[in-house]
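Quick notes on the structure that follows.
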Amino acid sequence: MARVCQITGKGRMIGNNVSHSKRRTKREFAPNLKVKKFWSEEEQRFITLKVSAAGIRNICKNGLAASLKKAEERGIIEYV
């Protein structure tokens, strides 16, 4: 799963560059992804995730275990 947030499921979007003369060329809007290690208190180990900035805020707000469970229910990540 390249260029997809493992918590929110955000991926790249395709759009247009629009010049001053209104000429349109294709471009890509990429999510703000970071590879980050999170400490899992339940498992007493680090878990490495590729998450967006919104995914990091989601983990800070709801907790790592709840965020992973919700992502697994949505089918974004397979966490055992």
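The values are calculated or read from the model by the stated rules, or taken from the named source; none is laboratory data. These numbers come from a predicted model, not from an experiment. Here the Cβ is made from the backbone with ideal geometry for all residues, glycine too, and neighbour counts use every protein chain on show. We work out accessible area using only protein heavy atoms, side chains counted, and drop any ligands, DNA or RNA first. Shrake-Rupley method; radii C 1.70, N 1.55, O 1.52, S 1.80 Å.
With the full set of protein chains in place, find how many percent of the accessible area of the chain is carbon and sulfur; take the probe as 1.4 Å.
Values: 3080 of 6040 Å².
Here it works out to 51 percent.
Tell me the relative contact order for the chain as a rounded percent, counting alpha carbon contacts under 8 Å between residues six or more apart. Could the numbers behind the result be given before it?
Working: 115 pairs, mean separation 23.9, N = 80.
Relative contact order for the chain comes out at 30 percent.
For the chain, the number of Lys pairs with C-alpha atoms closer than 23 Å, counting only pairs eight or more positions apart or on separate chains, is 25.
If only the Cβ of Lys and Arg carry +1 and only the Cβ of Asp and Glu carry -1, the dipole of the chain around its Cα centre is close to 780 debye. The amide H of residue 34, built 1.01 Å from its N in the peptide plane, has 51, 52 as neighbours under 5 Å, considering only residues 5 or more places off or on other chains.
Using packing as a proxy for protection, rank 19-31, 36-48 so that the peptide with the highest average count of other Cβ atoms within 10 Å comes first.
On the way: 19-31: 9.5, 36-48: 11.1.
Descending packing order for the listed peptides: 36-48, 19-31.
Counting only Cα atoms, the size of the chain along its three principal axes is 57, 20, 20 Å, in decreasing order. Selection among 20, 68, 55 by position relative to the dipole of the chain gives 20 as farthest towards the positive end (Cβ unit charges, Cα centre).
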